[in-house]
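Enquirer: Structure in structure tokens, see below.
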Amino acid sequence: AGEYELRLNDQGVLGLCTGAGIPNATASVMALGMDDRFDLSQAYWLIAGIAGGDPADMSLGSAAWAKFVVDGDLLFEIDAREIPADWPYGIIPLGGTRPAKTAEDIEGGWNIDTVSYALNPGLVDWAYSLTKAVRLPVDEKVVEFREQFTDHNAARLPPKVIIGDTLSSSTYWHGHYLNQWANDWVKLHSGQEGNFTTTNMEDSGTLTALHRLARIGRVDVSRVLVLRTASNFSVPPPGQPATWSATAEYPDRGLSALEAAYSVGSPVVRAILAGWER
């Protein structure tokens, strides 16, 4: 019932490609979790994929371990041409009346319990400590491309491993105003603890399925890691419009991000296998 075939090696590592978007991810993970051929009650989950990166926090080819996964689809939105002049953007929390930055701004409204998921911070810190010194590949085209981002120092640095949170939405959004919303939204739905660094299209669906499976003892959600690597930036460089940047080809076709996902994710998988008794 999944989107693609499963792949299993003789060490017990199971590979699943969810398919793009929150609906595909939710359905694929739920299908796997309910499959009686597997006992996943003690499995570790490494969710890895490429992402848009906030140039304020990371460069292309960098990797971010998330402590929070926040959904960016469950909201109210007003067309950009009709946003009140004093609003920073046209996105409103469910049950709210205007853009919000703090919990006080949405008191008395209503919420859905799949908007935000906090991961096991101890496990995230362990994965980060294990991989923070990993040297990440970078393509000459990426170096040339990132030099355009003269307004963000982090964007022009060599790629590295960081801790940073991810915003999940099936809508591929782009631009400075929505990037501001993403930063505000992640803070709002993480109790001001989170920091938006990457944007993805699946992870809130994956986490929703895992939490549902945990209700019936089929999954342990304290054993979940989310790793996202930057294939592109979530805003355009100075002098370029968002319309160009949103549809521009990735400078190296995203290969640096793909390599980073493997280079950073695989040491964690190997360590879990080698240290299973612990």
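Enquirer: So what is the 222 nm mean residue ellipticity for the chain from helices alone, if each DSSP H run of at least 4 adds -39500 (n - 2.57) and you divide by all residues, rounding to the nearest 500 deg cm²/dmol? Walk me through the intermediate numbers first.
Expert: Working: 7 runs with 82 residues, N = 278.
Calculated from helices alone, the mean residue ellipticity at 222 nm is -9000 deg cm²/dmol.
Enquirer: Separate question: Rounded to the nearest 10 Å², what accessible area does residue 101 show when all protein chains are kept and the probe is 1.4 Å?
Expert: 100
Enquirer: I would also like to ask the following. Using the Karplus curve 6.51 cos²θ - 1.76 cosθ + 1.60 with θ = phi - 60°, what ³J(HN,Hα) values do you get for each residue of region 115-122, in whole Hz, with x for Gly and Pro?
Expert: 6, 9, 10, 9, 8, 5, x, x
Enquirer: Students sometimes get this wrong: rank 185, 244 by accessible area, probe 1.4 Å, all chains present, largest first.
Expert: 244, 185
Enquirer: Return the FRET efficiency for the residue pair residue 273, residue 5: r is the Cβ-Cβ distance, R0 is 30 Å, and the value is rounded to the nearest 0.05.
Expert: Efficiency at R0 = 30 Å is approximately 0.85.
Enquirer: With springs only between Cα atoms under 10 Å apart, run a GNM on the chain and tell me which of 265, 194, 217 wobbles the most.
Expert: Fluctuation is largest for 217.
Enquirer: Sticking with this structure for a sec: Only four residue types carry charge here, +1 at the Cβ of Lys and Arg and -1 at the Cβ of Asp and Glu. Report the dipole size of region 138-259 about the Cα centre in Debye, rounded to the nearest 20.
Expert: Values: 11 positive and 14 negative charges, 102 e Å.
Dipole of region 138-259, to the nearest 20 debye: 480 debye.
Enquirer: Whole-Hz ³J(HN,Hα) for each residue in region 91-99, computed from phi via Karplus 6.51 cos²θ - 1.76 cosθ + 1.60 with θ = phi - 60°, x for glycine and proline: what do you get?
Expert: Karplus-based 3J(HN,Hα) across region 91-99 equals 10, 10, x, 4, x, x, 10, 6, x Hz.
Enquirer: Using modelled amide H (1.01 Å from N, peptide plane; none on Pro or chain starts), what sits under 5 Å from the amide H of residue 163, excluding residues fewer than 5 places away?
Expert: 65
Enquirer: While we're on this one: Send over the semi-axes of region 1-57's equivalent ellipsoid, whole angstrom and largest first, taken as the square roots of 5 times the C-alpha gyration tensor eigenvalues.
Expert: Ellipsoid half-lengths, sorted descending, are 24, 15, 10 Å.
Enquirer: Quick one: among 243, 131, 26, which has the greatest mean-square fluctuation in a GNM of the chain with alpha-carbon springs under 10 angstrom?
Expert: The residue with the greatest mean-square fluctuation here is 243.
Enquirer: Give me the Å³ per residue figure for the convex hull around the C-alpha atoms of region 103-169.
Expert: Value for region 103-169: 169 Å³ per residue.
Enquirer: Kindly give Rg over Rh for region 191-278, based on alpha-carbon atoms, with the Kirkwood expression for the hydrodynamic radius.
Expert: The Rg/Rh ratio comes out at 1.07.
Enquirer: Let me spell out the model: positive unit charges on the Cβ of Lys and Arg, negative unit charges on the Cβ of Asp and Glu, origin at the Cα centre of the chain. What dipole size does that give, in debye rounded to 20?
Expert: 660
Enquirer: What is the Cα centroid distance between region 50-125 and region 243-275, reported in whole angstrom?
Expert: 23
Enquirer: Go ahead and set up a Gaussian network model of the chain, Cα springs under 10 Å, then flag whichever of 112, 22, 163 fluctuates most.
Expert: 112
Enquirer: Compute and list, largest first, the equivalent-ellipsoid semi-axes of the chain from the alpha carbon gyration tensor, each √(5λ) rounded to a whole angstrom. Walk me through the numbers on the way to the answer.
Expert: On the way: eigenvalues 177, 122, 52 Å².
Equivalent ellipsoid of the chain: 30, 25, 16 Å, largest first.
Enquirer: Something else about it: What accessible area per residue comes out for the chain, rounded to a whole number of Å², with a 1.4 Å probe?
Expert: That works out to 50 Å² per residue.
Enquirer: If you average 1/r over every pair of different alpha-carbon atoms in region 1-145 and take one over that average, what Kirkwood value in Å do you get?
Expert: Computed over Cα pairs of region 1-145, the Kirkwood hydrodynamic radius comes out at 19.3 Å.
Enquirer: Let me ask another. At 20 °C and a viscosity of 1.002 mPa s, what translational diffusion coefficient does Stokes-Einstein give for region 111-249, taking Rh as the Kirkwood radius over Cα pairs? Give it in µm²/s as a whole number.
Expert: Numbers: Rh = 16.9 Å.
This corresponds to a translational diffusion coefficient of 127 µm²/s.
Enquirer: May I ask you to give the percent of accessible area on region 75-188 that is carbon plus sulfur, with a probe radius of 1.4 Å? Display every interim value, and only then the final one.
Expert: Working: 3330 of 6450 Å².
Percent of accessible area from carbon and sulfur atoms in region 75-188: 52.
Enquirer: Counting only pairs 8 or more places apart or on different chains, how many lysine pairs in the chain have C-alpha atoms closer than 22 Å?
Expert: 7
Enquirer: Which parts of region 62-80 would a label at residue 132 reach, counting a residue when its backbone N lies under 13 Å from a point 7 Å out along Cα-to-Cβ?
Expert: Answer for this model: 65.
The values are calculated or read from the model by the stated rules, or taken from the named source; none is laboratory data. Because the structure is predicted, anything quoted here is derived from the model rather than measured. All Cβ positions, glycine included, derive from the backbone under ideal geometry; neighbour counts span all protein chains shown. For accessibility, only protein heavy atoms count, side chains too; no ligands or nucleic acids. Shrake-Rupley method; radii C 1.70, N 1.55, O 1.52, S 1.80 Å.
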